[in-house]
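Below is one structure, written out as structure tokens, with a few remarks after it.
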Amino acid sequence: MKFQVIFTFDPEYEGYVAEVPELPGCLSQGKTLDEAIANIKDAIQGYLYVQEKHGKLEKIMEDLGAWEDDRTDEEIIKEIYESRSFSNRGML
């Protein structure tokens, strides 16, 4: 699954702020764009992990349409946690 990420340069911080609109409160930052990308990927994984621990991941994934395929919940969750692909166009 891919998530849209909005990267904004913050002149006061002198770095990039990254936000995932589909995951409220999922934010990160980095002094370079590469650092911000790595940090937001970790933030997404952490966000999904916490939601899973609180029994809310399935609802979030259903809302995002992630369960609309033939894979099991475990396969989709594993793919999310292990995903390392991204593009510079803001999709992780």
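The numbers here are math on the coordinates, done by the rules we state, and not lab data. For clarity, every value in this text was computed on a predicted model and none was experimentally measured. Virtual Cβ from ideal backbone geometry, glycine too; neighbours counted across all protein chains shown.
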Discussion item. Using each residue's phi in the range 34-46, evaluate 6.51 cos²θ - 1.76 cosθ + 1.60 at θ = phi - 60° and report the 3J(HN,Hα) Karplus result to the nearest Hz, with x for Gly and Pro.
Written reply: 4, 5, 5, 5, 4, 5, 6, 4, 5, 5, 4, 4, x
Worksheet item: Between 8, 57, 45, whose Cα lies farthest towards the positive end of the dipole of the range 1-60 when Lys and Arg beta carbons carry +1 and Asp and Glu beta carbons carry -1, centred on the Cα centre?
Response: 57
Worksheet item: Taking H as built 1.01 Å from N, whose amide H comes closer than 5 Å to the amide H of residue 22, not counting residues under 5 places away?
Response: 4
